[in-house]
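A single structure is presented below for examination.
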């Protein structure tokens with residue numbers, strides 16, 4: 001054990017040495033020169049990344065693919081291998097060895113002078129780190145779901161509003177034309193007045209039982225990975241698989257809410273409100289450390305009479321994706337360019353001049369960069385992301401408590417149910433706290 | 001004193017249940033005695049599984065041995081509400097066949113278990129009752145193959161033999177008619193314990209609903225790459241027949257019979273066959289896509305048992321007792337009395353001297369949201385315990401939030 005921790009200490013220290021080797025940022029952020037300045041390289045958005053695992057580096061690559069739009073200058077992760085990998089990606093892109101590395105987001109936010117930050121972390125860290133980054137007036141590209149609890153979400157939304165920054169959620173389906181087309185047809189009444197919505201999200205998979213406690217690998221700062229979550233021994237489960245454990249995520253339901261529930265809201269005009277009544281049931285694994293529901297099935301009623309049925313795909317007639325049912329027909333949309341309708345002619349309809357035009361973006365990462373430059377709102381702004389995940393979080397509360405939840409979407413409160421209300425926030429392990437806005 | 005009191009209660013309960021079994025349960029006849037499978041193992045287990053519900057009172061009837069005098073097998077079906085066939089053997093006498101047919105036509109319930117769908121290939125009415133069968137030289141003359149392909153029900157008249165199975169394996173059972181009484185409330189997908197995955201069944205398939213299927217993956221050996229029927233509901237005149245293709249008996253029942261999914265669908269299917277409805281609740285340990293759930297003693301874990309095991313909780317052993325508690329909490333929704341009762345039992349456990357730190361941590365998590373003022377002082381008392389300080393603070397913060 002001591003050997004392990006001293007090795008970890010070593011990795012930590014060397015990361016710090018790398019960080020300390022460069023005292024001053026040599027890339028001046030665009031914001032310092034005024035947005036819209038045309039001189040290279042400062043015309044590029046100067047950006048850093050917090051959380052550089054699979055999704056974090058995938059986002060970095062998507063940003064780097066944009067022609068000279070961004071320049072990464074710094075990366076931060078609690079896993080030294082992730083960090084080294086991210087630095088390599090940045091250094092290769094920049095053709096130098098200057099990328100700064102941090103193993104603590106607090107130091108990163110304190111020292112880095114950036115235009116923007118790309119953040120991809122396990123959900124249980126979102127509340128604290130999103131809010132802290134926004135409080136630093138950084139523009140944020142943040143992964144969905146934007147929060148683990150409603151309380152986290154409210155705080156993040158409040159911080160974005162107060163600091164007036166550009167926020168883009170990683171709900172990239174919005175930037176794909178068939179999702180846009182489907183949502184635009186739905187919201188413009190091509191299937192008549194929308195009555196019901198069906199959202200199919202992935203079915204949960206097999207558990208792994210309870211693996212034995214293991215030594216924490218030298219590269220991983222387990223204490224910092226856990227952060228505000230309750231302390232548990234390391235069992236070889238951290239990266240990726242955190243999403244099957246309720247301390248860090250809500251499983252497939254919350255993982256995918258930021259995609260198909262988001263699209264469903266978009267096409268039904270529900271993206272700035274929430275349901276008024278939620279009830280349903282989940283199927284939970286009997287045994288093992290993966291305890292997120294493997295099946296979920298709940299109904300959300302909205303004040304305008306619309307009902308949204310959210311369930312794992314095996315329970316839905318159209319499987320995965322979002323389906324709007326109006327009094328004249330239905331439209332279904334899913335990944336893989338899948339779009340269909342009760343009458344195929346509906347899909348050929350064009351949207352006229354005087355109809356509702358939904359925000360159009362052809363590249364989710366470019367849209368963020370453009371908005372950071374222009375100061376316009378991005379296609380997946382923070383409140384919209386909060387409304388999408390809150391549907392899933394309220395569904396989770398209904399399934400946990402077994403109760404029919406009454407929700408006030410304006411006050412963002414559960415009505416008349418103190419027990420369920422306690423699940424709106426997850427108290428943090430000391431000394432971690434949600435930053436004040 | 002306390003122990004004696006408990007024994008009295010147990011004795012009372014036993015009397016109650018045995019009363020249910022012998023007097024008020026649906027009289028059930030399990031027929032066995034010839035089978036290419038181990039009927040000596042399976043038939044008493046089938047009896048236990050059915051009687052466990054308190055709904056059935058069953059007896060096992062053993063036919064003459066293979067080649068024996070079948071005229072001697074002549075049960076009075078009219079005494080029963082349900083006949084369970086764990087039988088794959090010689091033809092019965094014409095008289096017995098006629099009596100069984102009469103029983104079903106007049107509304108008797110039937111359960112066809114596993115290899116019973118191999119039996120009586122030449123008996124037309126029997127094959128209409130079972131819907132689909134296999135082996136025994138069954139082929140296109142006996143009816144179509146029935147299966148799911150790309151989530152569509154296929155009735156396939158192609159020529160070919162009926163009945164096969166690949167290598168034994170665990171497999172996922174998929175609900176196909178979620179609102180059928182037998183399937184209502186069950187997961188859409190669940191793991192079944194290692195079993196023969198009956199495939200290429202064919203038969204008249206008249207008045208038959210395929211309730212659940214399993215994908216016969218060829219990767220596992222001998223698969224048809226079709227979603228094969230596993231659970232079927234058939235009506236024959238006034239009678240209802242529940243057909244389960246699962247449950248191959250190994251020693252002690254083995255994983256196919258111990259599977260909670262097999263047990264519970266059999267219990268539900270049997271009730272449906274008798275009444276057309278299912279009154280049984282879906283138990284907390286019904287398996288899901290997360291993995292196989294075995295009941296080595298064929299019984300459901302009770303809350304009392306779960307609470308007694310939770311005190312010595314060791315996550316490395318099993319989390320199922322916690323899942324049982326959680327399920328009871330959510331099932332008690334809207335009943336403050338029941339919830340408070342649960343809370344009191346949890347607090348008793350929380351403050352118990354024998355209770356492990358691991359168990360306390362779990363209880364604190366649950367109490368943090370479902371607890372009331374009743375829990376506060378007990379939780380406060382644990383904040384000073386360094387082993388569970390984080391969880392106690394967490395619970396206390398939540399318990400006192402919104403005040």
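The values are calculated or read from the model by the stated rules, or taken from the named source; none is laboratory data. All of these numbers come straight from a predicted model, not from anything done at the bench. Please note: Cβ atoms are built from the backbone with ideal geometry, for glycine as well, and neighbour counts cover all protein chains shown.
I need the full set of residues from segment A:236-269 which are touching a helix residue (DSSP H, G or I) at 6+ places or on another chain (Cβ under 7 Å) and assigned to a loop (DSSP other than H, G, I, E, B), in order please.
A:238, A:240, A:247, A:248, A:249, A:250, A:251, A:269
Here is a follow-up. Looking at residue B:187, is it assigned to a loop (DSSP other than H, G, I, E, B), in contact with a strand residue (DSSP E or B) (Cβ under 9 Å, 6 or more places away or on another chain) and under 25 Å from residue B:36 (Cβ atoms)?
For residue B:187, the condition - assigned to a loop (DSSP other than H, G, I, E, B), in contact with a strand residue (DSSP E or B) (Cβ under 9 Å, 6 or more places away or on another chain) and under 25 Å from residue B:36 (Cβ atoms) - is not met.
I need a count of the residues in segment A:64-98 that are part of a loop (DSSP other than H, G, I, E, B) and over 10 Å from residue A:49 (Cβ atoms).
Going through segment A:64-98 one residue at a time, the tally reaches 9.
I'm trying to understand the selection: among the residues of segment B:294-334, which are free of Cβ contacts under 8 Å to residues at least 40 places away in the same chain, loosely packed, with under 13 Cβ neighbours inside 10 Å, more than 10 Å from chain A (Cβ to nearest Cβ) and not in a helix (DSSP H, G or I)?
B:297, B:302
So which residues in segment B:190-211 are crowded, with 24+ Cβ neighbours inside 10 Å and within 14 Å of chain A (Cβ to nearest Cβ), if there are any at all?
Matches in segment B:190-211: B:190, B:192, B:193.
Which of the residues belonging to segment A:151-177 are assigned to a loop (DSSP other than H, G, I, E, B), in contact with a helix residue (DSSP H, G or I) (Cβ under 8 Å, 6 or more places away or on another chain) and farther than 13 Å from residue A:139 by Cβ?
If the condition is that a residue be assigned to a loop (DSSP other than H, G, I, E, B), in contact with a helix residue (DSSP H, G or I) (Cβ under 8 Å, 6 or more places away or on another chain) and farther than 13 Å from residue A:139 by Cβ, then A:170, A:171 are the ones that fit.
Further, regarding this structure: Criterion first (within 14 Å of another protein chain (Cβ to nearest Cβ), outside any loop (DSSP other than H, G, I, E, B) and either closer than 21 Å to residue A:182 by Cβ or modelled with pLDDT of 95 or more (or both)) does residue A:297 satisfy it?
yes
Residue by residue, here is whether (1) more than 26 Å from residue B:190 (Cα to Cα); (2) more than 14 Å from chain B (Cβ to nearest Cβ) holds:
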residue	(1), (2)
A:207	no, no
A:240	no, yes
A:244	no, no
A:267	yes, yes
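Run down A:305, A:288 and say which single residue is in contact (Cβ under 8 Å) with a residue 40 or more places away in the chain, assigned to a loop (DSSP other than H, G, I, E, B) and within 14 Å of chain B (Cβ to nearest Cβ).
A:288
Sticking with this one: Regarding residue B:230, is this residue away from chain A (no Cβ under 14 Å), at pLDDT 95 or above and either assigned to a loop (DSSP other than H, G, I, E, B) or surrounded by 24 or more Cβ atoms within 10 Å (Cβ to Cβ) (or both)?
Taking the combined requirement at face value, the residue satisfies it.
Filter segment B:357-374 for residues that are more than 12 Å from every other protein chain (Cβ to nearest Cβ) and crowded, with 17+ Cβ neighbours inside 10 Å; which is farthest from residue A:213 (Cα to Cα)?
Among residues in segment B:357-374 that are more than 12 Å from every other protein chain (Cβ to nearest Cβ) and crowded, with 17+ Cβ neighbours inside 10 Å, the one farthest from residue A:213 (Cα to Cα) is B:363.
When you go through A:429, A:373 one by one, which is the residue that is in contact (Cβ under 8 Å) with a residue 12 or more places away in the chain, within 13 Å of another protein chain (Cβ to nearest Cβ) and surrounded by fewer than 24 Cβ atoms within 10 Å (Cβ to Cβ)?
A:429
Which condition number in (1) within 14 Å of chain B (Cβ to nearest Cβ); (2) buried (at least 17 other Cβ atoms within 10 Å of the Cβ); (3) in a loop (DSSP other than H, G, I, E, B) is the one that residue A:218 fails?
Among (1) within 14 Å of chain B (Cβ to nearest Cβ); (2) buried (at least 17 other Cβ atoms within 10 Å of the Cβ); (3) in a loop (DSSP other than H, G, I, E, B), the lone unmet condition for residue A:218 is (1).
To continue, here is another question. Quick check on residue A:389: is it more than 14 Å from chain B (Cβ to nearest Cβ) and under 30 Å from residue B:328 (Cβ atoms)?
So residue A:389 fits the description; yes.
Does residue A:416 fit the bill of being on the phi > 0 side of the Ramachandran plot and part of a loop (DSSP other than H, G, I, E, B)?
yes
Out of (1) part of a loop (DSSP other than H, G, I, E, B); (2) within 14 Å of another protein chain (Cβ to nearest Cβ); (3) buried (at least 18 other Cβ atoms within 10 Å of the Cβ); (4) within 22 Å of the chain's Cα centre (by Cα), the odd one out for residue A:403 is which?
Result: residue A:403 passes all but (4).
Kindly provide the set of residues from segment A:310-329 that are surrounded by fewer than 18 Cβ atoms within 10 Å (Cβ to Cβ) and assigned to a strand (DSSP E or B), ordered by number.
Answer for segment A:310-329, where residues must be surrounded by fewer than 18 Cβ atoms within 10 Å (Cβ to Cβ) and assigned to a strand (DSSP E or B): just A:329.
Residue-by-condition table, conditions (1) within 19 Å of residue B:43 (Cβ to Cβ); (2) more than 14 Å from chain A (Cβ to nearest Cβ):
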| position | (1), (2) |
| --- | --- |
| B:239 | no, yes |
| B:249 | yes, yes |
| B:254 | yes, yes |
| B:257 | yes, yes |
| B:273 | yes, yes |
| B:280 | no, yes |
| B:285 | no, no |
| B:292 | no, no |
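List pairs: first in segment B:129-152 and assigned to a helix (DSSP H, G or I), second loosely packed, with under 14 Cβ neighbours inside 10 Å, Cβ under 8 Å, 6+ apart or cross-chain?
B:140/B:157; B:140/B:158; B:140/B:159; B:140/B:160
Further question: Can residue B:346 be described as facing another protein chain (nearest Cβ under 10 Å) and buried (at least 20 other Cβ atoms within 10 Å of the Cβ)?
no
Within the group A:202, A:233, which residue is free of Cβ contacts under 8 Å to residues at least 24 places away in the same chain and within 14 Å of another protein chain (Cβ to nearest Cβ)?
Of A:202, A:233, the one residue that is free of Cβ contacts under 8 Å to residues at least 24 places away in the same chain and within 14 Å of another protein chain (Cβ to nearest Cβ) is A:233.
Give segment B:375-402 a look and list any residue that's within 9 Å of chain A (Cβ to nearest Cβ) and surrounded by 16 or more Cβ atoms within 10 Å (Cβ to Cβ), or say none.
Listed by number, the residues that qualify are B:390, B:391, B:393, B:394, B:395, B:396, B:397, B:398, B:399, B:401.
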